[in-house]
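Chemist: The following block contains the structure, expressed as structure tokens.
The values are calculated or read from the model by the stated rules, or taken from the named source; none is laboratory data. All values reported here derive from a predicted model rather than from experimental measurement. Reconstructed Cβ throughout: ideal geometry from the backbone, glycine too, with neighbour counts over all protein chains shown. These area figures cover heavy atoms from the full protein model, side chains too; ligands, DNA and RNA do not enter into them. Shrake-Rupley method; radii C 1.70, N 1.55, O 1.52, S 1.80 Å.
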Amino acid sequence: MEKILVIGCSGQIGSELTLELRKIYGNSNVIATDIRPAPAEISESGPFEILDVLDASKLQLICEHEKVTQVYHLAAILSGNAEKRPMPSWDINMRSLFNVLEIAKEIKLKRIFWPSSIAVFGPTTPRYNTPQYTVMEPNTVYGISKLAGERWIEYYFNKYGVDTRSLRYPGLISYKTEAGGGTTDYAVEIFYEAIRHHKYECFLGPDSALPMMFMSDAIKATIDVMEADASKLSLRSSYNVAGICFDPKTIAAEIKKHIPDFEITYKPDFRQAIADSWPACIDDSVARKDWGLDYVYDLEKMTNLMLEEIGKKLKK
Ligand code: NAD
Ligand code: SER
């Protein structure tokens, strides 16, 4: 029987992934943890504990006491926030990963999921159709921590046999939980502002194309790579995942089809430089070939659903 620990369950991804894992493995078999309280849907549907993942002893205690078999380690400081506090962010991103990897090695956890990001790429990486293997010179604290993390999870797999799995998520778009301080957050904020005020001031310029993905596609891909037969995985760093590629002017035009008086204006801030260093769209053919990565949501479908769901949420 699988016993799953989710670290960072209150965030944009954790708040949805935890519930999906509970559907598959049973409510009591998915232990949700975070440094802050969880949404009611999580704390009321199964076990929840406050955990600072930097507290290695408590992490180990939970894993041993609950007989955990798999860990989804989602706690991190994202790109925009990490640039404001570089050293503490580096510390959280790296030390938390080492805590999880060391425990996995010591108590022989069956499997670990740790997400990487398109932030592993940098200004010298080819921007279009970015290959799985290419130049990687990230110039943000977050990107450097993700690239270092990729090297370390591969190292633990090769050296100690820890079954590590990972995806390079693009910007994730969802309506349940607001985004957590990244550069791609504009593509979530824009929907709330379009519905509330029919206008949005974007912190990236009109042509800043970035890879993005709707949350349910990201969750499916996450569970699929975790459930894939180990023999199918040709790499143990992290898989490119492309999703949908668009820029702020294109998503604004799509929203305008539903809200004709919607207006977007542009006031790029420090996140523009981060976006400029990342790919516009990436090649995910290795993930497709190895374990059958696929998506349901394109820009049109995603916009329809985001407007509908956020509209309902804001009316409550
Ligand atoms: P988020 O900021 O929304 O959630 C992270 C959660 O981790 C928060 O609930 C936070 O309270 C928790 N946390 C922070 N420090 C902690 C600590 N010391 N101990 C325990 N919990 C702690 O982030 P997210 O968007 O859900 O991202 C989850 C993971 O996916 C991160 O590793 C992130 O880098 C990666 N990722 C996210 C995106 C995206 O667009 N959302 C894209 C690429 C990669
Ligand atoms: N969405 C994330 C960020 O912008 C990408 O990893 O930080």
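Chemist: Kindly establish whether VAL286 is in a loop (DSSP other than H, G, I, E, B) and touching a Ser or Thr at 6+ places or on another chain (Cβ under 9 Å).
Modeler: no
Chemist: Moving on to the next point. Is it true that some residue in the stretch 211-221 is more than 20 Å from the chain's Cα centre (by Cα), among the polar types (S, T, N, Q), surrounded by fewer than 18 Cβ atoms within 10 Å (Cβ to Cβ) and over 17 Å from GLU189 (Cβ atoms)?
Modeler: Within the stretch 211-221 (the criterion being more than 20 Å from the chain's Cα centre (by Cα), among the polar types (S, T, N, Q), surrounded by fewer than 18 Cβ atoms within 10 Å (Cβ to Cβ) and over 17 Å from GLU189 (Cβ atoms)), the answer is no, since none of the residues qualifies.
Chemist: Got a number for residues in the stretch 99-131 being closer than 22 Å to ILE13 by Cβ, assigned to a strand (DSSP E or B) and more than 16 Å from ligand 2 (Cβ to nearest atom)?
Modeler: Selection size over the stretch 99-131: 2.
Chemist: What are the residue pairs meeting all of these: first residue in the stretch 152-169, first residue open to solvent by less than 20 Å² (accessible area, probe 1.4 Å), second residue assigned to a helix (DSSP H, G or I) and among the basic types (Lys, Arg), Cβ atoms under 6 Å, and 6 or more apart or on different chains?
Modeler: Qualifying pairs under 6 Å: VAL162/LYS105.
Chemist: Return the pair list, or none, for Cβ contacts closer than 9 Å from residues in the stretch 235-263 that are in a helix (DSSP H, G or I) to residues that are at pLDDT below 95 and surrounded by fewer than 20 Cβ atoms within 10 Å (Cβ to Cβ), at least 6 apart or on different chains.
Modeler: none
Chemist: Go through the stretch 76-123 and count every residue that is surrounded by fewer than 18 Cβ atoms within 10 Å (Cβ to Cβ) and farther than 19 Å from ARG151 by Cα.
Modeler: Counting residues in the stretch 76-123 that are surrounded by fewer than 18 Cβ atoms within 10 Å (Cβ to Cβ) and farther than 19 Å from ARG151 by Cα gives 11.
Chemist: Take MET226 and decide whether it is in contact with a Pro (Cβ under 9 Å, 6 or more places away or on another chain) and open to solvent by less than 10 Å² (accessible area, probe 1.4 Å).
Modeler: On the way: in contact with a Pro (Cβ under 9 Å, 6 or more places away or on another chain): no; open to solvent by less than 10 Å² (accessible area, probe 1.4 Å): yes.
When the stated conditions are applied, MET226 does not pass them.
Chemist: Please specify each residue of the stretch 231-246 satisfying the condition of being surrounded by fewer than 20 Cβ atoms within 10 Å (Cβ to Cβ) and touching a strand residue (DSSP E or B) at 6+ places or on another chain (Cβ under 9 Å). Before the answer, list the steps.
Modeler: Restricting attention to the stretch 231-246, the residues satisfying the condition of being surrounded by fewer than 20 Cβ atoms within 10 Å (Cβ to Cβ) are 231-236, 245.
Those that are surrounded by fewer than 20 Cβ atoms within 10 Å (Cβ to Cβ) and touching a strand residue (DSSP E or B) at 6+ places or on another chain (Cβ under 9 Å): LEU233, ARG236, CYS245.
Chemist: Now a separate question. Looking only at the stretch 261-271, decide whether some residue is more than 30 Å from THR140 (Cβ to Cβ) and surrounded by 15 or more Cβ atoms within 10 Å (Cβ to Cβ).
Modeler: Scanning the stretch 261-271 turns up at least one residue that is more than 30 Å from THR140 (Cβ to Cβ) and surrounded by 15 or more Cβ atoms within 10 Å (Cβ to Cβ).
Chemist: Same structure again: What is the number of the single condition among (1) within 16 Å of ligand 1 (Cβ to nearest atom); (2) at pLDDT 95 or above; (3) not in a helix (DSSP H, G or I) that ASP217 does not meet?
Modeler: For ASP217, the exception is condition (3).
Chemist: Hey, another quick one. Looking only at the stretch 138-146, decide whether some residue is over 18 Å from SER79 (Cβ atoms), within 15 Å of ligand 1 (Cβ to nearest atom) and part of a loop (DSSP other than H, G, I, E, B).
Modeler: no
Chemist: From the set of residues in the stretch 273-288 that are open to solvent by 30 Å² or more (accessible area, probe 1.4 Å) and either touching a Gly at 6+ places or on another chain (Cβ under 8 Å) or free of Cβ contacts under 8 Å to residues at least 24 places away in the same chain (or both), which is farthest from ligand 2 (Cβ to nearest atom)? Reasoning before the result, please.
Modeler: Filtering the stretch 273-288 down to residues open to solvent by 30 Å² or more (accessible area, probe 1.4 Å) leaves 273, 276, 281, 283, 285-286, 288.
Next, from what is left, pick out any that are either touching a Gly at 6+ places or on another chain (Cβ under 8 Å) or free of Cβ contacts under 8 Å to residues at least 24 places away in the same chain (or both): 273, 288.
Values: ALA273: 13, ARG288: 21 Å.
In this case the residue turns out to be ARG288.
Per-residue answers, yes or no, for (1) among the hydrophobic types (A, V, I, L, M, F, W, C); (2) under 20 Å from the mean Cα position of the chain (by Cα); (3) away from ligand 1 (no atom under 13 Å from the Cβ); (4) modelled with pLDDT of 95 or more:
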residue	(1), (2), (3), (4)
LYS3	no, no, yes, yes
SER10	no, yes, no, yes
LEU17	yes, yes, no, yes
THR33	no, yes, no, yes
PHE48	yes, no, no, yes
MET87	yes, no, yes, yes
ASP91	no, yes, no, yes
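Chemist: Give me the residue from the stretch 170-202 that is open to solvent by 30 Å² or more (accessible area, probe 1.4 Å) and in a helix (DSSP H, G or I) and, out of that set, farthest from ALA75 (Cα to Cα).
Modeler: Only one residue fits best here, namely HIS197.
Chemist: Name the residue that is farthest from ligand 2 (Cβ to nearest atom), counting only residues in the stretch 44-73 that are in contact (Cβ under 8 Å) with a residue 60 or more places away in the chain and open to solvent by 20 Å² or more (accessible area, probe 1.4 Å).
Modeler: LYS67
Chemist: Inside the stretch 125-161, can you point out the residues that are within 21 Å of SER231 (Cα to Cα) and not basic (Lys, Arg)? It would help to see each step written out before you state the result.
Modeler: Of all residues in the stretch 125-161, those within 21 Å of SER231 (Cα to Cα) come to 132-133, 150-161.
Residues satisfying the conditions are GLN132, TYR133, GLU150, TRP152, ILE153, GLU154, TYR155, TYR156, PHE157, ASN158, TYR160, GLY161.
Chemist: Looking only at the stretch 150-169, count every residue that is of a type outside the set (Phe, Trp, Tyr) and part of a strand (DSSP E or B) and tell me the total.
Modeler: Of all residues in the stretch 150-169, those of a type outside the set (Phe, Trp, Tyr) come to 150-151, 153-154, 158-159, 161-168.
Still in the running and part of a strand (DSSP E or B): 164-165, 167-168.
The total comes to 4.
Chemist: If you go through the stretch 273-316 one residue at a time, how many are small (Gly, Ala, Ser), more than 30 Å from ARG196 (Cβ to Cβ) and touching a helix residue (DSSP H, G or I) at 6+ places or on another chain (Cβ under 8 Å)? Talk me through it step by step, then tell me what you get.
Modeler: We begin by selecting, within the stretch 273-316, every residue small (Gly, Ala, Ser); these are 273, 275, 277, 280, 285, 287, 292, 311.
Next, only the ones that are more than 30 Å from ARG196 (Cβ to Cβ) stay: 277, 285, 287, 292.
After this cut, where a residue has to be touching a helix residue (DSSP H, G or I) at 6+ places or on another chain (Cβ under 8 Å) as well, the list is 277, 287, 292.
Adding up the residues that qualify gives 3.
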